Amino acid sequence: MTSWPDQPVTVVVPATSANLGPGFDALGLALSLYDTVEARVAASGVDVQVTGVGESQRWRPDQHLVIRAMRAGFAATGGQPPGIAIRCRNEVPQSFGLGSSAAAIVAGLLAARSLAVAREAAADPADVLPDTDVLRLACEMEGHPDNVAACLAGGLTIAFHTAAGLGVARLTPLAGLAPVLCVPAVPVATSAARKALPDQVPHGDAAANAARAALLIVALTSRPELLLPATEDFLHERYRAAAMPRTAALVATLREAGVPAVVSGAGPSVLALTVDGAAAGAAEVERMAARAGAPWRVLPLRVDVEGARLVGG
């Protein structure tokens with residue numbers, strides 16, 4: 001074992017949209033909106049600096065989610081450093097259904113692994129902390145796998161559980177897929193959105209949702225003309241409507257106009273799945289959002305196909 005490295009590591013992590021309508025707690029899509037975390041080993045203590053989203057929030061440094069994830073990563077690799085310092089440059093809105101907590105967790109785990117790799121002078125990060133363990137730890141901290149899977153792998157992901165553990169299938173979505181994100185002014189906590197869900201749903205709704213989820217994979221990868229019916233959900237969006245009526249109203253408005261739109265994750269953001277060259281693109285989504293009677297920040301994005309990654313160094 002060598003000493004801890006003097007140089008920092010930098011991790012870039014994408015925002016993610018989970019569910020995508022009927023793919024509840026399974027489907028995730030990585031988006032071209034990013035948080036960047038620079039992390040280094042310090043002589044002692046914990047230092048956290050944040051710019052961008054979340055910079056006005058107050059927290060105990062040792063309770064910051066990136067720090068907690070780094071501690072979990074270091075524990076899994078065999079030991080804690082004397083201190084940790086991080087600088088976070090955040091673009092991902094927090095508590096808007098865009099995987100901000102998954103991004104923080106993934107960034108912390110990958111930063112810890114990279115610093116541990118340098119300490120161990122290991123040639124392969126998998127020798128220090130395999131990707132499967134990174135996924136498992138991230139899922140344990142997040143509580144569900146859809147956002148962390150898409151954040152780690154990029155592109156379109158399907159997360160699933162087996163007797164052997166958590167699995168992820170990664171797919172490459174249509175090259176012309178052009179997600180348009182509509183972010184409202186007021187956030188909604190994921191925990192509150194989940195409380196709106198019933199313990200049971202009718203068998204017919206479950207069957208319909210299974211068909212739509214299967215159709216959505218086809219639509220996102222090869223048949224964009226199927227996106228509107230494929231994004232119809234029967235399991236969660238209707239139950240969350242009362243908690244976020246403006247979100248439900250914008251989704252309904254977009255869908256009535258033929259735009260495939262869904263609640264992003266647990267909301268309250270709305271994701272429109274437009275396609276390059278289609279009549280209803282980002283400009284039309286922005287016009288409809290402007291007429292919705294509440295302020296919406298509209299962000300034309302692309303699909304991130306790389307996922308979380310180290311940069312520089």
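The values are calculated or read from the model by the stated rules, or taken from the named source; none is laboratory data. Since this is a predicted model, take the numbers as computed values, not measurements. Note that each Cβ is placed from the backbone with ideal geometry, even for glycine, and that neighbours are counted across all protein chains shown.
Restricting attention to segment 237-257, which residues are within 27 Å of residue 175 (Cα to Cα), touching a residue at least 40 places away in the same chain (Cβ under 8 Å) and within 21 Å of the chain's Cα centre (by Cα)?
Filtering segment 237-257 down to residues within 27 Å of residue 175 (Cα to Cα) leaves 250-257.
Filter once more, keeping what is touching a residue at least 40 places away in the same chain (Cβ under 8 Å): 250.
Answer for segment 237-257, where residues must be within 27 Å of residue 175 (Cα to Cα), touching a residue at least 40 places away in the same chain (Cβ under 8 Å) and within 21 Å of the chain's Cα centre (by Cα): there is none.
Taken over segment 210-249, residues that are surrounded by fewer than 15 Cβ atoms within 10 Å (Cβ to Cβ), at pLDDT below 95 and part of a loop (DSSP other than H, G, I, E, B) amount to 1.
Do we have any residue at all in segment 223-236 that's of a type outside the set (Phe, Trp, Tyr), closer than 15 Å to residue 21 by Cα and under 19 Å from the mean Cα position of the chain (by Cα)? Taking every residue of segment 223-236 in turn, at least one turns out to be of a type outside the set (Phe, Trp, Tyr), closer than 15 Å to residue 21 by Cα and under 19 Å from the mean Cα position of the chain (by Cα).
Annotation note: Cβ proximity below 6 Å between a residue of segment 102-123 that is in contact (Cβ under 8 Å) with a residue 60 or more places away in the chain and a residue that is of a type in the set (Phe, Trp, Tyr) and in a helix (DSSP H, G or I) (sequence gap 6+ or interchain) occurs for 112/74.
Among the residues of segment 285-313, those identified as in a loop (DSSP other than H, G, I, E, B) and of a type outside the set (D, E, K, R) are 292, 293, 294, 295, 301, 305, 307, 308, 312, 313. Residues in segment 163-176 that are of a type outside the set (S, T, N, Q) and either in a strand (DSSP E or B) or touching a helix residue (DSSP H, G or I) at 6+ places or on another chain (Cβ under 8 Å) (or both): 165, 166, 167, 168, 169, 170, 171, 173, 174, 176.
For segment 139-162, give me each residue that is farther than 14 Å from residue 266 by Cα and outside any helix (DSSP H, G or I). Residues satisfying the conditions are 154, 155, 156, 157, 158, 159, 160, 161, 162. Output yes when any residue across segment 69-83 is in contact with an Asp or Glu (Cβ under 6 Å, 6 or more places away or on another chain) and part of a strand (DSSP E or B), and no when none is. No: zero hits. Filtering 152, 171, 181 for residues that are surrounded by fewer than 18 Cβ atoms within 10 Å (Cβ to Cβ) and touching a residue at least 40 places away in the same chain (Cβ under 8 Å) leaves a single hit, 171.
If only residues of segment 255-284 that are modelled with pLDDT of 95 or more and part of a helix (DSSP H, G or I) are counted, the one that is surrounded by the fewest Cβ atoms within 10 Å (Cβ to Cβ) is 256.
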